[in-house]
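Asker: Pasting a structure here, questions to come.
The values are calculated or read from the model by the stated rules, or taken from the named source; none is laboratory data. Because the structure is a prediction, the values reported are computed rather than measured. Neighbour counts are summed over all protein chains in view; Cβ atoms, including those assigned to glycine, are modelled from backbone coordinates with ideal geometry. Areas reflect the complete protein model, heavy atoms only, side chains present, ligands, DNA and RNA absent. Shrake-Rupley method; radii C 1.70, N 1.55, O 1.52, S 1.80 Å.
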Amino acid sequence: MIAFAVVLALAGSCRDGCSRPSDPAATVGGRLALLPEPVRVVVSIDFAKLRGSPIAEKLAALGKDDPAGDRELEDFRRRTGLDPLKQLDSILVGFPEDARQRGELALVVRAEHLDQARLVAYVRDQLNKSGDDLVSTQRGRFTVWATRSKPDVAGFFIDERTFVLGAGGWTPRLCDLAEKAHPSDSAATNLDLTRLTERAADHALWAAALVPMETRRALAGDPQTRAASSLTSLVVGVDFGRGLDAVVTGDVTTAADAQALAGKMQETLRDAKRNAQILMLGLGPYLDGVSARAQDKRFELRASLNEAQVDDLLSRLRAFLTLARQGQAPGFP
């Protein structure tokens with residue numbers, strides 16, 4: 001929770017008032033207008049949809065097994081006035097093709113209300129305990145905040161409902177985009193990416209990506225992944241009802257490429273169902289809900305879990321978290 005708060009409070013307050021006549025981040029297109037044009041991958045979580053699903057209460061119950069975490073969350077709520085479990089609306093993250101090289105990313109957080117002064121005070125107090133602090137700079141009408149230890153990660157509030165964070169030196173560009181009514185150099189000008197996000201945005205969790213040529217060349221060079229080298233774009237959507245439904249859709253160059261990719265995935269699924277480790281872990285039945293097909297120049301992978309399967313996965317997760325807190329889970333000393 002402290003890590004979440006640090007992300008939020010890397011934003012600051014805006015000069016001359018934060019309210020604006022328009023709300024640029026209220027729609028998918030509006031949020032894309034807040035991301036720089038180099039963005040090629042977009043990931044989003046719609047917390048409002050998640051809270052309306054039957055699985056939300058079960059996920060919230062996991063936190064009740066961690067008294068220390070619950071106390072930390074309550075302290076955060078009390079001091080900042082923000083309840084992440086109830087008041088966050090959405091998070092959207094955008095990456096360029098070469099994000100690994102310089103760590104560039106842009107983050108847009110939407111919430112019912114963000115009390116900037118209280119959030120900054122809370123995180124400043126947490127940082128001071130470790131010898132760090134928040135530093136402010138002015139960019140146009142925005143006050144931008146960053147920690148002394150990581151000055152290339154900084155953010156600002158657009159208004160009381162929206163904050164934007166940039167990493168890898170992107171924050172000045174994000175400020176400039178937020179300042180303009182109709183940004184002409186934003187990700188919203190990329191029609192291919194815009195169409196992908198419109199296809200994905202009805203889901204609770206979604207992602208849209210234009211596959212870089214470099215990635216396609218790397219896939220083509222490996223016999224195991226060669227069938228995926230014709231992918232030009234990907235759309236991922238995940239929804240929760242009583243169970244879970246996920247879909248991955250890929251656009252490819254030709255109908256033959258789509259058939260080849262679907263065939264490769266079907267072969268992989270057949271092998272996985274015979275895998276001894278999968279069978280020993282009792283995960284075989286989960287694969288029965290996974291299917292792959294091709295339709296014209298589009299490949300589609302679907303996965304469905306019923307309510308009992310979701311409950312079983314949550315039980316496994318609860319056990320893992322218990323071991324992790326005790327330092328006994330894999331990867332913990």
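Asker: Take the solvent-accessible surface of the protein heavy atoms, probe 1.4 Å, and return the percent of it on the chain that carbon and sulfur atoms account for.
Answerer: 55
Asker: Find the relative contact order for the chain and round it to a whole percent, using C-alpha pairs within less than 8 Å whose residues are 6+ positions apart.
Answerer: Computed over the chain, the figure is 18 percent.
Asker: Still on this structure: Under a 1.4 Å probe, what is the accessible area of the chain per residue, stated in Å²?
Answerer: That works out to 51 Å² for each residue.
Asker: How far is helix 191-200 tilted off the main Cα axis of the chain, in degrees rounded to 10, range 0 to 90?
Answerer: 80
Asker: Per residue of segment 244-255, what does 6.51 cos²θ - 1.76 cosθ + 1.60 with θ = phi - 60° give for ³J(HN,Hα)? Whole Hz please, x for Gly and Pro, Karplus curve as stated.
Answerer: Taking θ as phi minus 60°, the curve returns 9, 10, 10, 9, 10, 10, x, 8, 10, 6, 9, 5 Hz for segment 244-255.
Asker: Let me ask another. Between segment 107-132 and segment 148-175, what is the C-alpha centre distance in whole Å?
Answerer: Computed from Cα coordinates, the inter-centre distance equals 13 Å.
Asker: Using DSSP to define loop residues, name the trypsin sites (Lys or Arg not before Pro) in segment 67-168 whose beta-carbon has at most 13 other beta-carbon atoms within 10 Å.
Answerer: For trypsin sites (Lys or Arg not before Pro) across segment 67-168 that sit outside H, G, I, E and B with at most 13 neighbouring Cβ atoms in 10 Å, the list reads Arg148.
Asker: Of the labelled options (i) 1.03; (ii) 1.25; (iii) 1.09, which one gives Cα Rg over 2.2 N^0.38 Å as computed for this structure?
Answerer: So the structure-derived entry is (iii).
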